[in-house]
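Shown next, in structure tokens, is the structure this report addresses.
The values are calculated or read from the model by the stated rules, or taken from the named source; none is laboratory data. The shown structure was predicted, so the numbers you read here are calculated from the model rather than taken from an experiment. Don't worry about glycine lacking a Cβ; one is built from the backbone with ideal geometry, like all the others, and counts go over all protein chains shown.
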């Protein structure tokens, strides 16, 4: 694990500007009534990119290095797609669940957030999946103000998800964030002996992390598709993804990617 940089109050205030823009970008899809059957994932991506451009913010995802540089402003993942789905001509259908992940940089600081939303009426199982994934993110944010180390938070996150008979994805984790999108530390949504011994970190004012539980209906196993980006569940069952950029301040944890009045997903 690299050096964990703690941010000053002034720096956290700057990060809040980026975080608020990310929240507002997500809201564009609701305000423009784009989360409905027949809309393509490319249209969702275009709406968010247009918002960032209009606000002179730099999209974080476009051009991220890989076998193929990431080509879009958002990752849009549907049903069994866990994360990193590439927007295109695929159309949303009634009953889909769609995970939208995006981030931006403004004034030299980054914000990153994700939410999974229903398209029309969804199944009872998928509704529970969304509720549990959102609730475990809220639980983690709350525990930041009560625990001393991340392993204590991750332990309770994993226990909460398993209590509802879902699975925590272990191959993908959250991350530190600041001047760049991915910084130290790595932020898993589960805990094991290796993490406790070698990678655990303290929770103290100035820490800013992107907490992003990914929860599967079936197995925790995932695989990457031939496009080199899209991660799907191995069993083809649905997955959900919720994320906030969160700072620990002297007054407690603050979701920097929340709404103007502190609204979270």
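Worth a mention:
- All strands (runs of 3 or more DSSP E) inside the stretch 104-213 with 1 or more residues being out of contact with any strand residue (DSSP E or B) (no Cβ under 9 Å at 6 or more places or on another chain), within 15 Å of residue 239 (Cα to Cα) and at pLDDT 95 or above: none
- When residues in the stretch 235-253 are screened for being part of a strand (DSSP E or B) and either closer than 17 Å to residue 168 by Cβ or in contact with a helix residue (DSSP H, G or I) (Cβ under 7 Å, 6 or more places away or on another chain) (or both), 10 of them pass.
- Among the residues of the stretch 108-139, those identified as more than 13 Å from the chain's Cα centre (by Cα), more than 20 Å from residue 74 (Cα to Cα) and touching a residue at least 40 places away in the same chain (Cβ under 8 Å) are 120, 125, 126, 129, 132.
- Set side by side, the residues 95, 38, 107 differ, and just one is on the phi > 0 side of the Ramachandran plot and touching a helix residue (DSSP H, G or I) at 6+ places or on another chain (Cβ under 6 Å), which is 107.
- Checking residue 232 against (1) over 28 Å from residue 19 (Cβ atoms); (2) buried (at least 16 other Cβ atoms within 10 Å of the Cβ); (3) in contact with a helix residue (DSSP H, G or I) (Cβ under 8 Å, 6 or more places away or on another chain), the condition it does not meet: (3)
- Within the stretch 27-43, being touching a strand residue (DSSP E or B) at 6+ places or on another chain (Cβ under 6 Å) and either assigned to a helix (DSSP H, G or I) or surrounded by 15 or more Cβ atoms within 10 Å (Cβ to Cβ) (or both) holds for 35, 40, 41.
- Within the span defined as the stretch 4-24, every residue fails to be at pLDDT below 95 and under 30 Å from residue 194 (Cβ atoms).
- Counted residues, the stretch 156-181 - those being surrounded by 15 or more Cβ atoms within 10 Å (Cβ to Cβ) and closer than 30 Å to residue 59 by Cα: 12
- Count - residues of the stretch 62-79 that are buried (at least 20 other Cβ atoms within 10 Å of the Cβ) and over 14 Å from residue 240 (Cβ atoms): 3
- Matching residues, the stretch 80-103, being outside any strand (DSSP E or B), in contact with a strand residue (DSSP E or B) (Cβ under 7 Å, 6 or more places away or on another chain) and crowded, with 21+ Cβ neighbours inside 10 Å: 84, 85, 87, 92
- Cβ pairs under 7 Å, 6+ apart, first in the stretch 221-232 and more than 17 Å from residue 72 (Cβ to Cβ), second modelled with pLDDT of 95 or more and assigned to a loop (DSSP other than H, G, I, E, B): 221/234; 222/169; 222/171; 222/234; 223/234; 232/80; 232/225
- Qualifying residue in the stretch 44-67 (condition: at pLDDT 95 or above, within 18 Å of residue 120 (Cα to Cα) and in a loop (DSSP other than H, G, I, E, B)): no
- Taking residues in the stretch 190-216 that are on the phi > 0 side of the Ramachandran plot and touching a residue at least 40 places away in the same chain (Cβ under 8 Å), and partners anywhere that are outside any strand (DSSP E or B) and surrounded by fewer than 18 Cβ atoms within 10 Å (Cβ to Cβ), the pairs with Cβ atoms closer than 6 Å and at least 6 places apart or on different chains are 206/6.
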